[in-house]
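Chemist: Can you read through this structure? Questions will come right after.
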Amino acid sequence: MPSIGLFGGTFDPIHSGHLHIARSFADELRLSSVIFLPAGAPYHKTPPHPPAAHRLAMVEIAAQADPRFAVSDCDIVRQGATYTHDTVQIFHQHFPAAEIWLLIGMDSLLQLHTWHRWQNLVRQCRIAAAHRLATSLAQAPAPLQAWLAEALPQGRLHILQAAPLPASSTQIRQQLAASGTSPDLPPTVLAYIRQHHLYHIPPRAR
Ligand code: ATP
């Protein structure tokens with residue numbers, strides 16, 4: 001049975017931390033593909049800065065790094081709020097024979113109980129979470145505890161063994177605004193950012 005990993009995010013911009021965990025998820029879970037799903041207008045985050053088309057283009061460029069990577073604009077073209085719950089159902093319909101994994105970082109896992117229909121979501125797919133600096137499963141809030149106690153031993157939740165990389169999009173946006181570059185960006189993505197004058201890069205740094 002093919003196993004597909006769904007990797008949603010704002011990707012504002014995509015960075016080496018995303019690519020590192022995507023590769024690690026694919027290796028550890030033996031996924032046939034990791035599908036990057038850039039968000040349209042995520043309801044739990046403030047509106048992203050560059051239009052979705054730019055974030056999508058950067059993800060497409062970065063995804064060329066691994067033949068197992070693919071990109072879907074499913075969460076961008078859908079009208080209205082795009083809930084992960086609905087995205088997973090769409091992929092079940094498209095790939096009825098596939099096992100679906102939801103791929104997330106530890107900070108997202110710790111917020112899972114705030115997601116739309118999360119208790120139904122965790123029945124629709126298996127979840128894999130990557131370690132992220134300054135977060136740990138020990139910080140899981142009370143509403144997640146009962147689910148964690150069941151899901152971990154049952155293998156419905158997998159915690160990635162790979163060591164975390166500290167990259168974050170917030171930090172990269174700050175680095176770009178300050179110095180016009182960031183060590184956590186793939187060079188091809190940095191070139192796209194410069195070409196399209198994204199993220200308020202100071203003119204002297206272009
Ligand atoms: P921001 O800093 O703007 O919050 P971000 O770096 O977290 O952005 P997102 O696009 O929001 O990037 O992340 C998409 C998913 O990838 C989330 O589940 C997040 O937890 C995970 N993620 C992002 N960066 C890392 C990282 N360095 N290590 C582990 N998981 C990560």
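The values are calculated or read from the model by the stated rules, or taken from the named source; none is laboratory data. Fair warning: this is a prediction, and the values are worked out from it, not measured in the lab. Backbone-built Cβ (ideal geometry, glycine too); neighbour counts: all protein chains shown. When the accessible area is computed, the model is the full protein with side chains, heavy atoms only, and any ligands, DNA or RNA have been set aside. Shrake-Rupley method; radii C 1.70, N 1.55, O 1.52, S 1.80 Å.
Chemist: Over region 1-107, what is the relative contact order in whole percent, taking alpha-carbon pairs under 8 Å and six or more residues apart?
Modeler: Averaging sequence separation for qualifying contacts and normalising by length gives 39 percent for region 1-107.
Chemist: Using a Förster radius of 35 Å, what is the FRET efficiency between GLN171 and ASP73 based on their Cβ-Cβ separation? Nearest 0.05, please.
Modeler: 0.85
Chemist: Please calculate how many Å² of accessible area region 3-165 carries per residue, with a 1.4 Å probe and no DNA, RNA or ligand atoms counted.
Modeler: 46 Å²
Chemist: According to the square roots a ≥ b ≥ c of the eigenvalues of the Cα gyration tensor, what is the shape class of region 3-165, taking rounded for a/c under 1.5, prolate for a/b larger than b/c otherwise, and oblate for the remainder?
Modeler: Rounded is the answer for region 3-165, as its axis ratio a/c remains below 1.5.
Chemist: Continuing with this model, one more query. Which ³J(HN,Hα) values, rounded to whole Hz and listed in residue order, are derived for region 12-23 from phi using the Karplus coefficients 6.51, -1.76 and 1.60 in 6.51 cos²θ - 1.76 cosθ + 1.60 with θ = phi - 60°, glycine and proline given as x?
Modeler: Computed from phi, the couplings for region 12-23 are 10, x, 5, 9, 5, x, 4, 5, 4, 6, 4, 5 Hz.
Chemist: Quick one: among THR135, THR87, THR170, which has the greatest mean-square fluctuation in a GNM of the chain with alpha-carbon springs under 10 angstrom?
Modeler: THR170
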